[in-house]
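**Student:** Following this message is one structure expressed as structure tokens.
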Amino acid sequence: MYAEKIKGLFCFGQNPAVGGPNAGKERSALEKLDWMVAVDLWETETAQFWKRPGVDPKKIKTEVFLLPACSSVEKEGSITNSGRWAQWRYKAVNPPGDARSDLWIVDALYKAIDKEYQAGGVFPDPITKLSWDYGTGKEIDPDKEPDPHIVAREVNGYFTKDKMVKGKLMKKGDQVPSFAWLQDDGSTCSGNWLYCNSYTGKNKKDNKMARRGKKDAGNNIGLFPEWSWCWPVNRRIIYNRASVDLQGNPWDKKRPVIKWTGDITKWSGGDVPDGGWAPGDKHPFIMKSDGHGQLWASSLADGPLPEHYEPLESPVNNLMSSQHINPAIKLWYKDAPEGNVLGDKKNFPIIGTTYRVSEHWQAGAMTRNQPWLAELVPNVFTEMSMELAQIKGIKSGDKVTIKTARGKIEAYALVTRRFKPFIVQNRTVHQIGIIWQFGYAGIAKGDSANILTSHIGDANTMIPEFKAFLCDINKIRRAA
Amino acid sequence: MKSMLIDSTRCIGCRACQVACKEWNNLPAEKTEFFGGSGYQNPGRLSSKTWTVISFHEAETSTGDYDWIFAKQQCMHCLEPACAAACPVSALEQLKTGAVVYDPGKCIGCRNCQLVCPFDIPCFEWNKAVPEIKKCNFCVDRIEAGMEPSCSCACPTDAIVFGERENLLQKAEIRIANNPGKYVNHIYGRSEVGGTSVMHLAGVSFDKLGFRTNLSDSPVWDNAKPAMEAIPYVMTGLGTILGALAWFINRKTEIKAGKEVKND
């Protein structure tokens with residue numbers, strides 16, 4: 001985006017102007033866009049990057065659209081969690097003003113794009129021939145909410161023609177019962193095979209994501225299989241065949257997950273077995289090429305065995321290895337040097353890290369606009385040890401500046417015994433911690449700590465190295 | 001008698017109780033800057049707009065590290081409330097549920113309740129023309145509707161539990177007995193000032209958490225009555241003057257704030 005290769009950006013509930021690493025550069029990158037659409041509950045820092053402190057809106061060419069969005073209780077639909085559950089949510093109240101669900105926005109967006117392509121364009125087929133009917137007609141209608149049940153049924157998948165599968169005649173329009181029934185001849189469709197089995201009939205009662213059964217399974221280990229639905233096929237613990245020995249008996253007798261009960265009755269217990277094979281017939285880690293859990297992980301870019309590396313900015317040498325940093329990480333300071341500068345331990349001797357407070361959620365838009373939560377944590381602050389505070393002449397409540405090679409922020413100082421200096425290689429090293437959830441929008445405002453962090457991508461996930469950098473801290477104003 | 005048991009060792013300092021209290025009771029947010037007390041404590045003290053506050057206390061742990069211990073401040077709902085006894089017009093009264101509640105229609109603004117309260121709970125709306133006394137009312141509207149108070153309802157760790165006083169006392173005793181070394185052997189509020197409906201358990205001595213530990217087991221009013229009867233009229237006058245003063249100071253701040261906005 002900074003290199004002007006990306007022209008437009010849709011930001012659905014994302015706030016990279018606060019949450020992105022090296023946020024100063026990310027904000028400048030937004031200026032390079034031709035257009036940006038922010039879909040959010042509030043006018044976030046990202047939505048108003050063009051009028052942020054220190055810039056002249058007249059000099060920013062980006063056209064910005066802010067679409068007010070519904071909150072989760074103002075629309076019907078599903079949420080998924082990292083435990084693989086899909087849970088259905090009901091609409092409790094109408095949204096305020098012109099706020100719309102993201103489903104309405106995407107539906108309207110498709111109709112507008114389709115209209116453009118109907119008039120011609122390069123390779124229009126993927127748009128003009130798309131199957132797209134969620135009950136709102138051909139034209140954009142501000143009062144017609146697309147039906148999330150149609151979407152959910154399509155995500156599950158249905159038969160597009162009559163077809164015999166597993167000895168059963170499935171009719172055109174029938175929901176696919178589970179992913180093993182999906183066909184490769186166009187007779188079935190599915191938005192995502194993982195979710196096949198989540199919505200198995202035409203009625204709302206067939207929506208397994210909406211189940212709220214509070215009964216635990218027979219093995220009583222807290223699986224609660226009738227509460228919502230879990231991909232794949234409501235299996236609550238994947239690779240659960242690893243929980244039994246070669247005879248199919250649970251390793252943990254007190255907490256059995258599944259148990260082999262013989263060739264005819266097969267598996268029982270509580271969870272859905274991860275494949276119906278007899279114990280010993282197939283290794284349990286079925287999605288791995290060798291079927292095993294892996295300590296020796298050949299698929300990791302920095303594998304096969306774990307190694308300790310220092311963060312890119314570190315005040316110490318790597319004591320564990322001659323290789324200082326992870327050689328497989330993405331180093332933006334090499335690939336895109338502008339603004340991606342590094343600091344050294346001479347100018348920036350202190351370790352910086354960032355974290356959240358429970359009073360604010362992520363980049364803060366939802367909580368820094370709530371007066372009761374703003375009351376609890378109204379300002380950005382940094383925590384440090386008594387020892388560092390004494391060296392720097394800082395007391396709790398003082399205003400300080402924190403500087404890295406990338407930028408500078410102001411924050412209140414909170415001196416606490418909970419922080420202690422490290423003794424590393426016979427040297428005292430100090431650390432400070434900064435709350436990163438602040439920005440220039442909302443009721444509770446403050447500098448964003450991500451102004452300080454750098455663009456470094458983890459070797460496998462590209463998750464940025466937010467949590468360790470080198471900085472310096474100095475007092476600017478005594479507490480009032 | 002309905003009661004509340006607050007277990008400091010279970011509190012994680014999330015302050016959902018503070019927000020739930022303001023939400024249920026329609027209390028406005030206070031304008032805060034940085035923090036009002038130790039740690040992340042905000043606001044710094046109870047006020048007419050803040051009926052409960054979690055205070056943060058930094059303490060050394062058994063491993064030599066430092067961590068926070070939390071304590072919840074709110075009206076203790078005394079079994080023999082001094083505030084109700086000291087009120088000349090019965091604006092404060094104790095209900096059958098144990099809740100000590102306030103009727104602004106009866107209040108004459110003498111602030112005797114503030115003077116006699118052993119826990120410094122009742123707060124006066126200094127900035128209002130017709131000020132009222134404000135404090136936790138035990139969510140009496142919720143209790144009467146068969147619900148628990150908003151703070152205990154919001155607590156994610158069951159650090160605040162609501163129930164019958166006898167049951168909670170028993171629960172507290174069991175916790176102390178079953179967890180040697182975890183608690184100090186004291187249920188704060190069991191007998192202080194004749195007993196309170198709000199009771200506390202803690203892992204460190206209560207004076208370290210800001211609790212008064214020099215209170216007698218007899219109701220406050222028994223000792224305070226003779227002294228209090230001599231002063232209400234003086235205090236009434238002083239209250240009016242201080243109230244007027246607060247109004248002017250606030251007004252000045254508001255005007256100044258308005259000017260600053262214009263200057264932008």
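The values are calculated or read from the model by the stated rules, or taken from the named source; none is laboratory data. Just so you know, these numbers come straight off a predicted model, no measurement behind them. Heads up, the Cβs are rebuilt from the backbone with ideal geometry, glycines too, and the neighbour counts pull from every protein chain shown. Just the protein is used for accessible areas: all its heavy atoms, side chains included, with ligands, DNA and RNA removed. Shrake-Rupley method; radii C 1.70, N 1.55, O 1.52, S 1.80 Å.
**Student:** Go through the stretch B:30-45 and give me each residue that's within 25 Å of B:ASP141 (Cβ to Cβ) and open to solvent by less than 30 Å² (accessible area, probe 1.4 Å).
**Tutor:** B:PRO43, the sole residue that qualifies.
**Student:** Do any residues in the stretch B:166-193 that are over 20 Å from B:LEU215 (Cβ atoms) have Cβ atoms under 8 Å from those of residues that are of a type in the set (Asp, Glu) and open to solvent by less than 20 Å² (accessible area, probe 1.4 Å), where the two are at least six apart or on different chains, and which pairs are they?
**Tutor:** Listed pairs, sorted by first residue: B:ARG175/B:ASP7.
**Student:** Another question, then. Determine which single condition B:ARG10 fails, assuming it passes every other condition in (1) open to solvent by 20 Å² or more (accessible area, probe 1.4 Å); (2) more than 9 Å from every other protein chain (Cβ to nearest Cβ); (3) touching a strand residue (DSSP E or B) at 6+ places or on another chain (Cβ under 6 Å).
**Tutor:** Only one criterion is unmet by B:ARG10, namely (3).
**Student:** Now for a different question. Could you list all residues from the stretch A:72-86 that are of a type in the set (Gly, Ala, Ser) and either part of a loop (DSSP other than H, G, I, E, B) or modelled with pLDDT under 95 (or both)? Give the steps one after another, and end with the answer.
**Tutor:** Within the stretch A:72-86, the subset of a type in the set (Gly, Ala, Ser) is A:72, A:77-78, A:82-83, A:86.
A:SER72, A:SER82, A:GLY83, listed by residue number.
**Student:** To continue, here is another question. Given the criteria more than 9 Å from chain A (Cβ to nearest Cβ), among the hydrophobic types (A, V, I, L, M, F, W, C) and under 22 Å from B:LYS128 (Cα atoms), does B:CYS87 qualify? First the steps, then the outcome.
**Tutor:** On the way: more than 9 Å from chain A (Cβ to nearest Cβ): yes; among the hydrophobic types (A, V, I, L, M, F, W, C): yes; under 22 Å from B:LYS128 (Cα atoms): yes.
So B:CYS87 fits the description; yes.
**Student:** Which one of A:ALA374, A:ALA449 is facing chain B (nearest Cβ under 10 Å), surrounded by 23 or more Cβ atoms within 10 Å (Cβ to Cβ) and of a type in the set (Gly, Ala, Ser)?
**Tutor:** Just a single option satisfies the conditions, and that option is A:ALA374.
**Student:** Output the residues belonging to the stretch A:238-271 that are open to solvent by 50 Å² or more (accessible area, probe 1.4 Å), hydrophobic (A, V, I, L, M, F, W, C) and closer than 24 Å to A:ARG84 by Cα.
**Tutor:** Residue satisfying the conditions is A:ILE238 alone.
**Student:** Another question about this same structure. So B:ASP120 fits all but one of (1) over 15 Å from the mean Cα position of the chain (by Cα); (2) closer than 21 Å to B:GLU192 by Cβ; what number is the exception?
**Tutor:** (1)
**Student:** What about A:GLY352, is it under 21 Å from A:GLY407 (Cβ atoms), more than 14 Å from chain B (Cβ to nearest Cβ) and out of contact with any strand residue (DSSP E or B) (no Cβ under 9 Å at 6 or more places or on another chain)?
**Tutor:** no
**Student:** If we only count strands (runs of 3 or more DSSP E) wholly inside the stretch A:325-423, which ones have 2 or more residues that are more than 30 Å from A:SER71 (Cα to Cα) and under 26 Å from the mean Cα position of the chain (by Cα)?
**Tutor:** In the stretch A:325-423, the matching strands (runs of 3 or more DSSP E) lie at A:350-355.
**Student:** Something else about it: Could you tell me whether the stretch B:202-214 includes any residue that is of a type in the set (Asp, Glu) and assigned to a helix (DSSP H, G or I)? Spell out how you get there, then give the answer.
**Tutor:** As a first pass, look at the stretch B:202-214 and keep what is of a type in the set (Asp, Glu): B:207.
Okay, now just the ones that are also assigned to a helix (DSSP H, G or I), so B:207.
Yes.
**Student:** With a cut-off of at least 2 residues that are over 20 Å from the mean Cα position of the chain (by Cα), name the helices (runs of 4 or more DSSP H) lying wholly within the stretch B:140-180.
**Tutor:** Correct list: B:165-178.
**Student:** Among the listed residues A:GLY248, A:GLY201, which satisfies the condition of being closer than 22 Å to A:VAL165 by Cα and not aliphatic (A, V, I, L, M)? Step through it out loud before you land on a result.
**Tutor:** Numbers: A:GLY248 fails: closer than 22 Å to A:VAL165 by Cα.
That would be A:GLY201, the only listed residue that is closer than 22 Å to A:VAL165 by Cα and not aliphatic (A, V, I, L, M).
**Student:** Hey, can you tell me all the residues within the stretch A:30-49 that are free of Cβ contacts under 8 Å to residues at least 60 places away in the same chain and open to solvent by less than 10 Å² (accessible area, probe 1.4 Å)?
**Tutor:** Within the stretch A:30-49, A:LEU30, A:LEU33, A:MET36, A:ALA38, A:THR46, A:PHE49 qualify.
**Student:** Which pairs have Cβ atoms under 6 Å, sit 6 or more apart or on different chains, and link a residue in the stretch B:16-36 that is facing chain A (nearest Cβ under 9 Å) to one that is open to solvent by less than 50 Å² (accessible area, probe 1.4 Å) and aliphatic (A, V, I, L, M)?
**Tutor:** Between residues of the stretch B:16-36 that are facing chain A (nearest Cβ under 9 Å) and residues that are open to solvent by less than 50 Å² (accessible area, probe 1.4 Å) and aliphatic (A, V, I, L, M), the close pairs are B:ALA16/B:ALA154.
**Student:** Hey, any hits in the stretch A:322-344 for a residue that's within 14 Å of another protein chain (Cβ to nearest Cβ), open to solvent by 20 Å² or more (accessible area, probe 1.4 Å) and either in contact with a His (Cβ under 9 Å, 6 or more places away or on another chain) or of a type in the set (Asp, Glu) (or both)? Don't jump to the end; show me each part of the working.
**Tutor:** First, the residues of the stretch A:322-344 that are within 14 Å of another protein chain (Cβ to nearest Cβ): none.
Checked the stretch A:322-344: no residue is within 14 Å of another protein chain (Cβ to nearest Cβ), open to solvent by 20 Å² or more (accessible area, probe 1.4 Å) and either in contact with a His (Cβ under 9 Å, 6 or more places away or on another chain) or of a type in the set (Asp, Glu) (or both).
**Student:** Filter the stretch A:143-166 for residues that are farther than 23 Å from A:LYS204 by Cα and either open to solvent by less than 70 Å² (accessible area, probe 1.4 Å) or among the hydroxyl-bearing types (Ser, Thr, Tyr) (or both) and give the result.
**Tutor:** Across the stretch A:143-166, the qualifying residues are A:LYS163, A:VAL165.
**Student:** Among the residues of the stretch B:63-70, is there at least one that is within 14 Å of chain A (Cβ to nearest Cβ), in contact (Cβ under 8 Å) with a residue 24 or more places away in the chain and out of contact with any His (no Cβ under 7 Å at 6 or more places or on another chain)?
**Tutor:** yes
**Student:** Looking at the stretch B:46-73 only, could you name the residues that are surrounded by fewer than 23 Cβ atoms within 10 Å (Cβ to Cβ), charged (D, E, K, R) and under 21 Å from B:VAL204 (Cβ atoms)?
**Tutor:** B:GLU58, B:GLU60, B:ASP65, B:ASP67 - these are the residues of the stretch B:46-73 that are surrounded by fewer than 23 Cβ atoms within 10 Å (Cβ to Cβ), charged (D, E, K, R) and under 21 Å from B:VAL204 (Cβ atoms).
**Student:** Output the residues belonging to the stretch A:408-446 that are over 14 Å from A:GLY352 (Cβ atoms), of a type outside the set (A, V, I, L, M, F, W, C) and more than 14 Å from every other protein chain (Cβ to nearest Cβ).
**Tutor:** A:GLN425, A:ASN426, A:ARG427, A:THR428, A:GLY439, A:TYR440
**Student:** How many residues does the stretch A:101-132 hold that are open to solvent by 100 Å² or more (accessible area, probe 1.4 Å) and under 28 Å from the mean Cα position of the chain (by Cα)?
**Tutor:** 0
**Student:** Can you tell me how many residues in the stretch A:88-100 are surrounded by fewer than 17 Cβ atoms within 10 Å (Cβ to Cβ) and in a strand (DSSP E or B)?
**Tutor:** Number satisfying all stated conditions: 1.
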